[in-house]
1. Condition check: within 19 Å of ALA122 (Cα to Cα), at pLDDT below 95 and under 16 Å from the mean Cα position of the chain (by Cα). Does LYS50 satisfy that?
2. Taking the conditions exactly as written (of a type in the set (D, E, K, R), farther than 18 Å from ARG86 by Cβ and free of Cβ contacts under 8 Å to residues at least 60 places away in the same chain), does LYS37 satisfy them or not?
3. Six or more apart or on different chains, Cβ under 7 Å: which pairs go from a residue in region 55-72 that's in contact (Cβ under 8 Å) with a residue 24 or more places away in the chain to one that's surrounded by fewer than 10 Cβ atoms within 10 Å (Cβ to Cβ)? Could you list them?
4. Please verify whether region 30-47 includes one or more residues that are surrounded by 15 or more Cβ atoms within 10 Å (Cβ to Cβ) and more than 20 Å from SER111 (Cα to Cα).
5. Between PRO75, PRO124, which is within 17 Å of THR21 (Cβ to Cβ) and not aliphatic (A, V, I, L, M)?
6. If SER19 meets every condition in (1) among the polar types (S, T, N, Q); (2) under 24 Å from LYS82 (Cβ atoms); (3) assigned to a loop (DSSP other than H, G, I, E, B) apart from one, which number is that one?
7. Restricting the first residue to region 94-116 and requiring it to be farther than 15 Å from SER19 by Cα and touching a residue at least 40 places away in the same chain (Cβ under 8 Å), which pairs with a second residue that is part of a strand (DSSP E or B) and among the small types (Gly, Ala, Ser) meet a Cβ separation below 6 Å and a spacing of at least six or different chains?
Amino acid sequence: MSLEGFEAISFGNAGLTVSITKNGTTFNKTVVEKLSKPSNVVLMLNKSLKQFAIRAANAKDNMTMPFYTSAQKSPSVRWNSKEFLRTLSDLAGWDLANTQGYHINGTYLSSDKAVLFDLNDAIPN
């Protein structure tokens with residue numbers, strides 16, 4: 001038997017995903033790579049639509065936040081900001097202290113070099 005006609009596949013790619021728990025917010029490897037491993041991002045919030053986005057940025061842009069460094073051992077990015085968690089919890093009406101958290105699939109906005117996450121689409125862990 002030969003492997004002719006077969007192709008290599010991977011099932012490790014979960015798409016653009018953010019995981020939100022009482023301990024922090026984690027952007028998966030796919031998000032980091034889709035944004036080209038930026039050292040800084042701009043975090044944007046649309047309260048009326050209950051959405052947030054991260055956009056790749058350089059350190060000179062206004063309102064940037066540190067994101068990825070090549071020294072990281074993990075290909076994902078974790079933010080432990082309690083303020084950010086409170087903002088998301090209040091906006092979505094979540095009680096993160098009494099849940100396993102949520103994950104949200106993101107949408108890549110190529111024209112903005114950003115990933116959009118809709119809290120309305122959150123899936124309980």
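1. The answer is no for LYS50.
2. It is true that LYS37 is of a type in the set (D, E, K, R), farther than 18 Å from ARG86 by Cβ and free of Cβ contacts under 8 Å to residues at least 60 places away in the same chain.
3. Sorted first by the residue in region 55-72, then by its partner, the pairs are ALA56/SER36.
4. The answer is no; no qualifying residue exists.
5. Testing whether each residue is within 17 Å of THR21 (Cβ to Cβ) and not aliphatic (A, V, I, L, M) leaves just PRO124.
6. (3)
7. Pairs that qualify, where the first residue is farther than 15 Å from SER19 by Cα and touching a residue at least 40 places away in the same chain (Cβ under 8 Å) and the partner is part of a strand (DSSP E or B) and among the small types (Gly, Ala, Ser), are LYS113/ALA56; ALA114/ALA53.
The values are calculated or read from the model by the stated rules, or taken from the named source; none is laboratory data. These figures come from a predicted structure and were not determined experimentally. All Cβ positions, even for glycine, are placed from backbone atoms using ideal geometry, and neighbour counts span all protein chains on display.
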